[in-house]
Amino acid sequence: MQKGNIGVTTENIFPVIKKFLYSDHEIFLREMVSNAVDATQKMKTLAAQGEFKGDLGDLTVHVSLDTDKGTITISDRGIGMTEEEIDKYINQIAFSGVNDFLEKYKDQANNIIGHFGLGFYSSFMVSKKVEIVTKSYKEGSKAVKWSCDGSPAFEIDDAPDYKSVATGAPLERGTDIILYIDDDCKEFLDKQKIEGLLQKYCKFLPVPIAFGKKQEWSSDEKKMVDTAEDNIINNVEPLWTKAPSTLKDEDYKSFYRTLYPMQDEPLFWIHLNVDYPFNLTGILYFPRIKNSLELQKNKIQLYCNQVFVTDQVEGIVPEFLTLLHGVIDSPDIPLNVSRSYLQSDREVKKISTYITKKVSDRLKAIFNEDRKAYEEKWDDLKLFINYGILTEENFYDRAKEFSLMKDTEGKYFTFDEYKTLIEAGQKDKDGNLVYLYATDKDEQYSYIKAAQDKGYSVLLLDGQLDVPCIQTLEQKFEKSRFTRVDADTIDHLIQKEDAPKSNLSDSERDNLSAVFTSQLPKLDKTEFIVEVNALGEEQRPVVITQNEWMRRMKEMSRYQSGMAFYGQMPDSFNLVLNSDHRLVKAVLSTLNSELSTQLQPIEAELKGQEARLAAINQKTDKKKPEEITQEEKDEKANTQKAIDEQKDKKQQLISGFAAQNDVIHQLIDLALLQNGMLKGAALDAFLRRSVDMIK
């Protein structure tokens, strides 16, 4: 028997391994099974090269659970180890000076994996004792047993009578690793837990992995019982390892269903296969996304030689492609000790750039080969494209070749095609090309119709990221701007010349504005600004619009936390009165006929008091505050009071008139109804009034 200490320079190596080097305890099983697979693959290589002449036999790796003994055993029939190899590979942790190592990496612990061969020691994260029983494939080798209780002390002894946990027969070749699970890790003695971890990490390993036996229903025992057949949990030849030329569409769809059983069929897929300047294989699927972006992320699985590493792939896959589904497998991605975190370096950047180019090339090819089929997928596909334009600095330069715009008639255009379509008719008086758009074809129907009647084309931007993309497109398109069809009255959306002036006097405009303002409803977090414009006799009498810039800021506040201020602001709408329309003219005419006698003395008094206040201000503005006399202060205050009193009188008269005028209420309610803002009791009152007004 050999006794000794593991070759480290500190007594604290195992607490370091258990608490520091590994981010997640469950990866111990991945490391153990991966080591067993590596040993098996080496055995197959030796046989292929003729260095091993014997019978390989069954190479299945077995994972066995013994809840009574509190053990997990990983058994393989790989190359095994001699006593000398145990001393070399197990007893000498593959770095010199743990203290120096810890000092060097104390602030960047995630940088160390794959550099120091620590995979086996992950077993001590969950084990109070670990045993290795192994027998080398080399002729004349004997079975030896290594054991360690989590301290640097170990023992090695011959094990001639040992029987493999997997077969129950004497160990011929290979290794059994027996983990005695620690008291604080008993959850790893649960069968479902272990099966779940094997499914997660080992589902596509290249060597069969068996865990227990397959089960079938026993009519005699009225329950599921074990059969004699091993329960193989993995697919040793996953689809991404095969040549694309050998695969059919149904193969890709079937594999997708294996990865994501509850998902709808994907739009299409991209098979990655590159061996220079790095090794990378995989399959990326474009899913049909229906709901939130966030719910769809973290669906790409990263593998290293068919060993699952993580589904947090933001470091290697560009941000916008984290919405894709599928798998990526590369032995060249630098990982940390637990293989759980990507390191940022130039190689990762190269891989990310390659994936972006490959996806772009594939989209461009699909667009060029079958534009009709591409257009049919566009409503599902555009989320990915828009996300890329928003988050990837150079993606627009690629995407502009296969990005589409859809109008409200359901026709699709490339950026250049649409520019050509609207260039002649949708430039304003300053030469800006105006892209009109709607976000809801039904809710904004009347605005769309007004624009179309004017000869304009209207885009339909109803996707989750269509509107957030507008600002980027405005920066990329030369001398262009996007405007929603309800952002202004039709003549002001694309203003060809200076707006026609109303023939109303300032007093009439003010009175008309005051009449409608007095009857506007009080809506939560909503404010209205009443304007009077000459829109033409054929246009609607009252139109509600919302400033494009303000609406856009509020919408962007949902996506950018730094703009939350705009999200808290009330919605501001313009209620535009068309002074050319007969109904608005009739309201003004009735107002003048019914109130002119009462309003004239008030307005005359108001004008006189305002002139007096202006004179007072002119005199006192030239003085310093301490030079203004009390008499002057009193005169100013009394004059302002008189003005306010006259304004109140005027407002009461106008409000009283407006409250009794059904036409005013009807016009306001029609405008609110058009914008989905008339509800509840107000809608009921509108309906009743509408019936009463029909004669």
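The values are calculated or read from the model by the stated rules, or taken from the named source; none is laboratory data. Model, not experiment: these values are computed from the prediction. All Cβ positions, even for glycine, are placed from backbone atoms using ideal geometry, and neighbour counts span all protein chains on display. Ligands, DNA and RNA are excluded from the accessible area calculation, which covers all protein heavy atoms including side chains. Shrake-Rupley method; radii C 1.70, N 1.55, O 1.52, S 1.80 Å.
Return the calculated 222 nm mean residue ellipticity for the chain, to the nearest 500 deg cm²/dmol, obtained by summing -39500 (n - 2.57) across DSSP H runs with n ≥ 4 and dividing by the residue count. Mind dumping the intermediate values first?
On the way: 21 runs with 272 residues, N = 695.
That comes out to -12500 deg cm²/dmol.
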For this session: Just tell me which lysines come within less than 30 Å, Cα to Cα, of LYS650; anything on the same chain fewer than 8 places away is out.
Result: LYS501, LYS522, LYS525, LYS585, LYS607, LYS619, LYS633, LYS636, LYS641
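By its C-alpha gyration tensor, with a ≥ b ≥ c as the square roots of the eigenvalues, how is the stretch 344-449 shaped: rounded for a/c under 1.5, else prolate for a/b larger than b/c, else oblate?
Taking the square roots of the gyration eigenvalues as a ≥ b ≥ c, the stretch 344-449 is prolate.
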Problem set entry | Highest to lowest packing among 308-319, 405-416, scored as the average C-beta count within 10 Å | 308-319, 405-416
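Could you quote the convex hull projected area for the stretch 628-695, Cα atoms only and averaged over all directions, in nm²? Can you show the working numbers first?
Values: hull surface 28.8 nm².
Average of the hull's projected areas for the stretch 628-695 equals 7.2 nm².
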Problem set entry | Sparse-neighbourhood loop sites, GluC sites (Glu not before Pro) in the stretch 219-263 - DSSP loop, at most 12 other Cβ within 10 angstrom | GLU221
Exercise. Reachable lysines from LYS372, Cα under 20 Å, same-chain residues fewer than 8 places away excluded?
Worked result: LYS364, LYS382, LYS400, LYS406, LYS411
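What is the extension gain from THR60 to ARG688, computed as 0.36 nm multiplied by their sequence separation minus the C-alpha to C-alpha distance, in nm to one decimal? Intermediate values should be presented prior to the final figure.
On the way: separation 628, 0.36 × 628 = 226.08 nm, distance 8.00 nm.
Contour length minus Cα-Cα distance gives 218.1 nm.
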For this session: Could you tell me the distance between the Cα centroids of the stretch 603-625 and the stretch 149-214, to the nearest Å?
Result: 96
For this session: Measure off 7 Å from each Cα along the Cα-to-Cβ vector at ASP644 and ASP249, then give the distance between these two points in nanometres to one decimal.
Result: 7.6
Seminar exercise, completed: For LYS647, the aspartates and glutamates lying under 16 Å Cα to Cα, once residues fewer than eight places off in the same chain are dropped, come out as ASP506, GLU508, ASP510, GLU603, GLU605, GLU610
Exercise. What percent antiparallel are the DSSP beta bridges of the stretch 426-495, to the nearest 5?
Worked result: 10
Exercise. How many percent of DSSP beta bridges within the chain run antiparallel, rounded to 5?
Worked result: 75
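In the chain, carbon and sulfur make up what percent of the accessible area (probe 1.4 Å)?
Working: 16350 of 35310 Å².
Whole-percent figure for carbon plus sulfur exposure: 46.
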Problem set entry | [x] 43, 32, 23; [y] 77, 30, 24; [z] 42, 28, 25, with the label sought being that of the calculated semi-axes √(5λ) of the Cα gyration tensor in Å | [y]
For this session: Considering Cα pairs under 8 angstrom that are at least six residues apart, work out the relative contact order of the chain and quote it in whole percent.
Result: 8
For this session: Kindly express, to the nearest 10 degrees and within the range 0 to 90, the angle between helix 346-369's C-alpha long axis and the longest C-alpha principal axis of the chain.
Result: 60
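For each pair in LYS357/LYS554; LYS69/LYS163; LYS191/LYS223; LYS44/LYS135, compute the distance between the two Cα atoms and list the pairs where it is over 27 Å. Could you put the intermediate results ahead of the total?
Working: LYS357/LYS554 34 Å; LYS69/LYS163 16 Å; LYS191/LYS223 17 Å; LYS44/LYS135 16 Å.
Flagged as over cut-off: LYS357/LYS554.
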Problem set entry | DSSP-loop GluC sites (Glu not before Pro) across the stretch 414-515, with at most 15 other Cβ within 10 angstrom | GLU423, GLU443, GLU478, GLU497
